[in-house]
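S.K.: This structure is in structure tokens; I'll ask about it shortly.
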Amino acid sequence: MVRGGVQAERLRMTTDIRQKIREKAKQEGFDAVGFTSSETDPRDMVAISKFLLKGYHGDMAWMARELPDCGNPRGNPQSLMPDARSVIVLGTNYGPGTDPLEALSRPDRGGISVYARPARDYHDILKERLKRIGRWMTETFPENDVKIFVDTAPVMEKPLGARAGLGWQGKHTNLVSREFGSWLFLGEIFTTLEIQPDEPEADHCGSCDLCIKTCPTEAIVEPYNLDARRCISYLTIEHKDAIEPKLMSAMGNRIYGCDDCLAVCPWTKFSRSTEDPTLQPRHDLKAPKLQQLAALDDAMFRKLFAGSPIKRTGRERFVRNVLIAIGNSGDRTLAPTAEALANDVSSLVSDTARWALGRLVKLDENQEPYNPSVQPTTDSVKGETP
């Protein structure tokens, strides 16, 4: 009788803690909140090991240090906070208010991923909110310690999000929510509090493979497995050197990131545009002109993208991406723009400029103008339908 009473009281307390944290998180602008254990899930360890051993991480050498035998496994939350008992996963909706792929039909413009269009880097926005929640938690719950993370440490946030019930990892490897589609920024709070976990979200992809078929560079090598070395997001943001010509030809006018696999997911039709004022897109980043972006020098680049995650890429890589888009544009009027950079001080820029120029000057006069690949519609999806 006493034991049952203790268990009932413990359940009441953890339920109360969960509710208070949810309310505080919503006040701070988070749209989804879930709880899970800080214990290692062996499936996460297997997944990250397979990814790394196949070399899918490409230039991201820092990930190779996270293999299990390297002492800092990404799949083990307690390696970051040994006394953690629970992980709170928080999601912020950043759904776009317009077609995220609209810029792909405008060959003289650049396609920038939805997440990078706001004036401020989402990492900074979420970190500020998480810090406020963390301070509140340490004040509200005695003998509680916390650590916060926003894509800044070896945290497998998408599997944690799935375990916490925020969604499931789709075949494109991103988290999919029945309420927000694939448009969720994630952040985590590790805590020494022992909080009752939420039920994991089931996989609702069914037999749909639209994201796999849509990928311009065939980076999704099989369901739930992505080769980052072929992914346009990796190529335009992480990859520091020249890009293989075959891949450049498939990149179209995507100059920073790629939203194709997210946008075509059938569950996206249930998503809604964000109402968060800090995540509204800058008008000049929705579909910027390639000609103007190619003319940026280092100072101009830094000024234009101050506060934006794009700034981290640096002028050289960014202009490389712009020149790839110019080369794919099929627009001969952009040839002088590429020619002007053929002798740039950066060999990465100059080499890419010559590649772009070569594609433009060799255009056959009867060649059809640039036309992005036609995206399949969700009407053709088989299996589970949202």
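The values are calculated or read from the model by the stated rules, or taken from the named source; none is laboratory data. Remember, predicted model here, so these are calculated numbers, not experimental data. Glycine also receives a Cβ, built like all others from the backbone with ideal geometry; neighbour counts cover every protein chain displayed.
S.K.: Does region 201-226 hold any residues that are part of a loop (DSSP other than H, G, I, E, B), touching a helix residue (DSSP H, G or I) at 6+ places or on another chain (Cβ under 9 Å) and not aliphatic (A, V, I, L, M), and which are they?
M.R.: Within region 201-226, E201, D203, H204, C205, C208, C215, P216, T217, E218, P223, Y224 meet the criteria.
S.K.: Among what's in region 136-181 and is in contact with a His (Cβ under 8 Å, 6 or more places away or on another chain) and assigned to a strand (DSSP E or B), pick the residue that is farthest from E28 (Cα to Cα).
M.R.: Going through the qualifying residues, I end up with W168.
S.K.: Another one. Scan region 28-37 and tell me whether some residue there is more than 30 Å from S273 (Cβ to Cβ), of a type outside the set (S, T, N, Q) and modelled with pLDDT of 85 or more.
M.R.: no
S.K.: Something else now. Could you check how many residues of region 311-321 are buried (at least 23 other Cβ atoms within 10 Å of the Cβ) and farther than 12 Å from H239 by Cα?
M.R.: So the answer is 1.
S.K.: If you check R129, R106, R85, which single one turns out to be under 23 Å from K311 (Cα atoms), basic (K, R) and in contact (Cβ under 8 Å) with a residue 40 or more places away in the chain?
M.R.: R129
S.K.: Quick check: is even one residue across region 353-363 modelled with pLDDT under 95, more than 24 Å from V114 (Cα to Cα) and not in a helix (DSSP H, G or I)?
M.R.: yes
S.K.: Here's another thing I want to ask about it. Could you go through region 128-140 and let me know if any residue there is charged (D, E, K, R) and under 30 Å from T333 (Cβ atoms).
M.R.: No.
S.K.: Could I ask something else about it? I'd like to verify a number: residues in region 229-287 that are among the hydroxyl-bearing types (S, T, Y) and assigned to a helix (DSSP H, G or I), how many?
M.R.: Count: 6.
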